[in-house]
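Everything on this sheet refers to the single structure shown next.
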Amino acid sequence: MRRLRPLWFGIAAFALLVVMWEVYRRWIGEWLDTRREVGSVLGFKLLPRSSELAMPAVGDMLDEFGKPEVRGSGTSVFEAVLAATFRSFTLALAALALGSLVGIGVAVLMARFKVVQRGLMPYLVISQTIPLIALAPLTVTWGGEITIFGFEWEKWTSAVVLGAFLSFFPIAVGALRGFNSPAASSIELMDSYAASWFQTWRKLRLPAALPYLTPAMRLAGSAAVFGVVVSEISVGLTDGVGYLILSYLQEGTSRPAKVFTAVMGTVVLGLLMAALVAAGDRYFSRNRPKEGIA
Amino acid sequence: MSELAVQATGVGKVFNAGRPNQVDALTDVDLTVAPGEFVSLIGPSGCGKSTLLRLIADLLDTTTGELRVNGKAPRQARLDQDYGMAFQQAGLFEWRSVSKNIELPLELKGWDKAKRRARAQEMLELVKLPDRGDAMPWQLSGGQQQRIAIARALAAHPPLLLMDEPFGALDEMTREHMQAELLRICGETGTTVVFVTHSIPEAVYLSDRVVVMSPGPGRITHIVDVGLGRHRDDDTRETDGFYDKITEVREALRGSRVAGARGIEDR
């Protein structure tokens, strides 16, 4: 099965990572710890020492999944991580949806009106230089003050908006390039049919933009995940997997392997999003020639 | 059908008027095309033949003079879809099946699905690709794609077909075959054609009249009446009359090139 090849490579790469982790923590890291002079150049330690606290065994991490989340609690770590990951996934999906909507909307306006493109583009670029951490607390203060159509602004709204804020940019840029990609003769053809601007957009520019939207969606998907996970921590949204990392980290000395369960949750979250985008691409480009723009 | 398909009186087109990069693309063009006639525009690059085609199509506005298409202002003719258009690149939409590509102009006119389907099939039969309706454009050869582009241009049964070097990207054999096919299609449908080309034999083989143009500024220098009759086939290409007309067009082009050499570099 040729199509499954990337999957096998992915699994092999993951296995290699586990092996390297184990080899380092078991032998190299501890050995370095006993021999201070090795691995140092001009007195700087280049290779990190490791300990049980910094690099817990992979087996211990897996064991953690089965343990109760807190002593005496009925929910296991696995259930807690799963629930938090699912929660973050729905938020990231909402962020991606909102980001796509805004990104495509902005791109349509920019493609339609050259003035908008010239005026708006610098602000779009600037918007992406604002650190998310700086924006997050600001959006939280909107809570309780902003009500849109009877809809209350809550902490999860902040996470979604911040995820969307990161993801709309690649979509806006990709969509704009795509909308402007048709050949001049194709545009003339639509003009010769006396097609309206909207008809030309719907029948020509939008489908022509699809190959440009695929890589944009891939970037936007990971941006949405990143935005949501980071803003969970900044806005104090306690039920997502980002916040779970922070709270498990509090037990770094007593249960050092526990935090890695939440980290794995974010990895799964990222993979889920990538798989979803890939599936969407496969569906929408099913009738397209196989070679397209990369 | 008593209206002239195209009637140009003193038509001129100036790009970037009043600016340093002003270009006189066309000056003082007088041309009439009768219904059912096949007229080719030929000339070196920059002679304004594509500009003239785009003026007729209302993709550009005339600067001076009067232009009527099917007895109407070009804008009205475009709004009424009185003409179909085909370009050098077939320009089929790769995300649409062959049938859906042919249906595009009908969709824009708001035809219902059953009517569109029937017409697309009729057009597929006209261009002799009746079974390729469900194929995707990339599965077709260059010549087949160009046939579909012609089918698309004629789908709404416009009385006038405007073609901008439609066979320019095809190999010689396919090209001659497509020329014969185009004559057959136009004969069957009674379509008027204005055809832009670089090729002298192509212009002579296809046309009732060949309009020879020259650059700097773009204008019509000669109009050659071909007069080889309506019925033309591969044997036509080997008759003396065919060669005589090729020579006549070539000399008209050469004459215009000498005349056009004033003030511009000619390569």
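List of remarks:
- Projected area, mean over directions - segment B:115-217, Cα convex hull, nm²: 7.6
- Degrees between helix A:155-179 axis and first principal axis of chain A (Cα, 0 to 90, nearest 10): 50
- For segment B:1-68: rounded, prolate or oblate by the Cα gyration tensor [a/c cutoff 1.5]: prolate
- With the simple spin-label model, which puts each label point 7 Å out from Cα in the Cβ direction, the B:ASP80 to A:ARG118 separation comes to 3.9 nm.
- Relative to the globular-protein estimate of 2.2 N^0.38 Å, the Cα radius of gyration of the protein assembly as shown stands at 1.38.
- Counting Cα-Cα pairs of segment A:223-294 in 10 Å increments starting at 0 gives whole-percent bin shares of 18, 35, 23, 14, 8, 1.
- Paramagnetic reach from B:ALA135 in segment B:181-199 [backbone N under 18 Å; point 7 Å along Cα→Cβ]: B:181-182
- Ordering A:LEU210, B:LEU206 from the fewest to the most neighbouring beta carbons within 10 Å gives A:LEU210, B:LEU206.
- Residue exposure proxy: A:ILE187, B:ILE42, B:ILE200, ordered by other Cβ atoms within 10 angstrom of their Cβ from fewest to most, comes out as A:ILE187, B:ILE200, B:ILE42.
- Gaussian network model of chain A, springs between alpha carbon atoms under 10 Å - residue of A:GLU64, A:GLU145, A:GLU232 with greatest fluctuation: A:GLU145
- Cross-link table A:LYS203/B:LYS49; B:LYS72/B:LYS100; A:LYS67/A:LYS258; A:LYS203/B:LYS113; B:LYS128/B:LYS245; B:LYS72/B:LYS115, entries beyond 19 Å C-alpha to C-alpha: A:LYS203/B:LYS49; B:LYS72/B:LYS100; B:LYS128/B:LYS245; B:LYS72/B:LYS115
- Result for chain A in a Gaussian network model with C-alpha springs under 10 Å: among A:PHE179, A:PHE168, A:PHE151, the largest mean-square fluctuation is at A:PHE151.
- Descending by average beta-carbon neighbour count within 10 Å, the peptides A:197-209, A:7-19, B:108-120 line up as A:197-209, B:108-120, A:7-19, the highest first.
- A cut-off of 5 Å between modelled amide H atoms, ignoring neighbours fewer than 5 places along the same chain, links B:VAL6 with B:VAL33, B:ASN70.
- What you get for segment B:167-234, charging only the Cβ of Lys and Arg (+1) and of Asp and Glu (-1), is a dipole of about 340 debye around the Cα centre.
- Enclosed volume per residue, in Å³, of the convex hull spanned by Cα atoms of chain A: 215
- Normalised by 2.2 N^0.38 Å, where N is the number of residues, the C-alpha radius of gyration of chain B stands at 1.02.
- Point-charge dipole on Cβ atoms (K/R +1, D/E -1) for chain A, about Cα centre, debye to 20: 1140
- Label-point separation, A:ASP239 to B:ASP234 (7 Å along Cα→Cβ), nm: 7.7
- Extended-chain gain in nm, criterion 0.36 nm per residue less alpha-carbon gap, A:VAL267 and A:SER73: 67.3 nm
- A:ALA57-B:ARG19 pseudo-label distance in nm [points 7 Å out on the Cα-to-Cβ vector]: 7.5
- Counting beta carbons within 10 Å around each of B:MET173, B:MET85, A:MET273 and listing the fewest first gives the order B:MET173, A:MET273, B:MET85.
- MRE, 222 nm, helices only [DSSP H, n ≥ 4, -39500 (n - 2.57), over the protein assembly as shown, to nearest 500]: -17000 deg cm²/dmol
- Reported value for segment A:119-180: 113 Å³ per residue, from the convex hull of its C-alpha atoms.
- Counting only alpha carbon atoms, the long axis of helix A:206-235 and the longest principal axis of chain A meet at about 40°.
Taken together, the values in this text are just the output of simple stated rules run on the coordinates, not laboratory data. All of these numbers come straight from a predicted model, not from anything done at the bench. Reconstructed Cβ throughout: ideal geometry from the backbone, glycine too, with neighbour counts over all protein chains shown.
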